[in-house]
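The values are calculated or read from the model by the stated rules, or taken from the named source; none is laboratory data. What you are looking at is a predicted structure, and each value in this text was computed from that prediction instead of being measured. Note: ideal-geometry Cβ built from the backbone for every residue, glycine included; neighbour counts use all protein chains shown.
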Amino acid sequence: MPPSEIPGRKQLPHLPSRDWVNLSIIQFVTVTVSGRRPILANQQSVELLTNTWAEANHWWVGRYVIMPDHLHFTCSPVTQPPTPLAVWMKYWRSVVTRKWPNQNEKPLWQKDFFDRQLRSGESYLEKWGYIWSNPVRAGLVKSPQDWPYQGELNVLLWHEPEKQK
């Protein structure tokens, strides 16, 4: 049952990013096209998305995979305190919608998105493995590196405090 159909729940929770001392803030985000229409996996969409992310610079987008009907990416705040993720998401999604070349495909996005703050370097690598393998699981390519609609805008490094000996 989708979260929006759970009694009493109208939307997904978007918790503020937790800022722990000497620990990276990296969010894993999934955004879905309204009606799950397969309109994203093409070069024009990728250029519009990546250019908008680069210009909407309150969060750095790291690795991303753009599927036909949804996209996954990791991101990290540029400023401290961070601009709330939900505010930044609303901004770049509205910019992409305004610039979208095919007016008949609007609205573009489902109203909500999924996000999860990663808690360790291991979860960062695990999520990237999930993102990168998505086109293979969907049967679109045989190997993740064959999917043309993926990349990395910014290198997001995981920093953890050294453990006491």
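Tabulated values for the structure
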read-out	value
Top-ranked residue of the range 68-80 - restricted to ones that are out of contact with any Pro (no Cβ under 7 Å at 6 or more places or on another chain) and crowded, with 16+ Cβ neighbours inside 10 Å, ranked as farthest from Y149 (Cα to Cα)	P77
Test result for W158, aromatic (F, W, Y) and modelled with pLDDT under 95	yes
Residue tally, condition within 17 Å of K99 (Cα to Cα) and of a type outside the set (S, T, N, Q), over the range 38-87	11
Total residues in the range 36-49, condition assigned to a helix (DSSP H, G or I) and surrounded by 16 or more Cβ atoms within 10 Å (Cβ to Cβ)	4
From G129, G151, residue being exposed (fewer than 13 other Cβ atoms within 10 Å of the Cβ), small (G, A, S) and within 16 Å of the chain's Cα centre (by Cα)	G129
Filter pass, V61 being assigned to a strand (DSSP E or B), closer than 29 Å to D146 by Cβ and in contact with a His (Cβ under 7 Å, 6 or more places away or on another chain)	no
Strands (runs of 3 or more DSSP E) lying entirely in the range 64-165 (those with 2 or more residues that are within 22 Å of Q43 (Cβ to Cβ))	70-77, 150-152
